[in-house]
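Following: one structure in structure tokens, then a few remarks.
The values are calculated or read from the model by the stated rules, or taken from the named source; none is laboratory data. Since the model is a prediction, treat every value here as computed from it, not as a measurement. Heads up, the Cβs are rebuilt from the backbone with ideal geometry, glycines too, and the neighbour counts pull from every protein chain shown. Heavy atoms of the whole protein, side chains included, go into the accessibility calculation; ligands, DNA and RNA do not. Shrake-Rupley method; radii C 1.70, N 1.55, O 1.52, S 1.80 Å.
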Amino acid sequence: MDKPVRFWRWYRSLPIFCMAAMLVLSLGLSLVPSKVVRRILFPVSHSVQINGAAARHGVDPYLVAAVIRSESNWDASAESAAGAVGLMQLMPQTAQEVARMGLVDTSTYDANDLTDPTNNIEYGTAYLGYLQSQLSTTDEVIAAYNAGLGAVQSWSSGQSTQSVQANFSSLIKYPETKLYVQRVNDAYLHYQQLYPEGLSDI
């Protein structure tokens with residue numbers, strides 16, 4: 001009887017230990033110089049291209065950086081099993097559709113070369129700008145980048161803007177997309193905090 005009692009006492013204490021560990025980790029990160037945190041956890045590259053594309057398409061550059069970190073972790077050669085390519089993990093057919101809609105100057109940016117960071121950032125940011133024009137909240141835009149515009153519009157259908165803003169997370173039907181929205185929002189907040197004067201390469 002003594003061993004089971006000890007086990008359950010230890011098991012009930014486990015959440016307390018986990019909370020204490022998270023507190024120590026948070027405190028430790030807060031003591032690390034922001035330059036180190038930026039370099040290791042939230043780096044930036046191609047900031048000139050990001051800032052330029054963001055200005056052209058009316059997108060927050062911090063959001064672009066957060067999407068890149070969440071999609072490829074700044075690996076320009078990344079390619080998913082589904083065929084998504086480059087920094088912003090664009091599907092080639094999405095880039096072609098963005099080009100067809102005239103959202104990007106195709107004489108300057110080649111939709112067929114998405115491993116090139118400049119092209120990838122231009123098309124990915126243009127797509128984010130297009131999603132912004134179709135949706136009412138940033139969370140919807142992030143979710144649509146992952147799950148598609150049609151899916152997000154179906155989830156939000158019949159909801160007021162205020163309701164979507166307050167409850168969008170509960171409307172998301174795909175667990176992967178729900179986690180993706182959380183991950184991008186976390187990166188978005190960190191980029192805003194760590195680069196208060198604007199994005200710049202590390």
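Residue ranges 115-124, 75-84, 61-70, 175-184 sort as 61-70, 115-124, 175-184, 75-84 when ordered by packing (mean number of other C-beta atoms within 10 Å per residue, highest first). Placing unit charges on the Cβ atoms only, positive for Lys and Arg and negative for Asp and Glu, gives the stretch 57-141 a dipole magnitude near 100 debye about its Cα centre. With a ≥ b ≥ c taken as the square roots of the eigenvalues of the C-alpha gyration tensor of the stretch 87-202, please select rounded if a/c is under 1.5 and otherwise prolate if a/b is larger than b/c or oblate if it is not? Because a/c hits 1.5 or more and a/b fails to exceed b/c, the stretch 87-202 counts as oblate.
Multiplying the residue separation of Ala55 and Ser169 by 0.36 nm and subtracting their alpha-carbon distance yields 38.2 nm.
Of the solvent-accessible surface of the stretch 47-202, computed with a 1.4 Å probe and all protein chains present, 45% belongs to carbon and sulfur.
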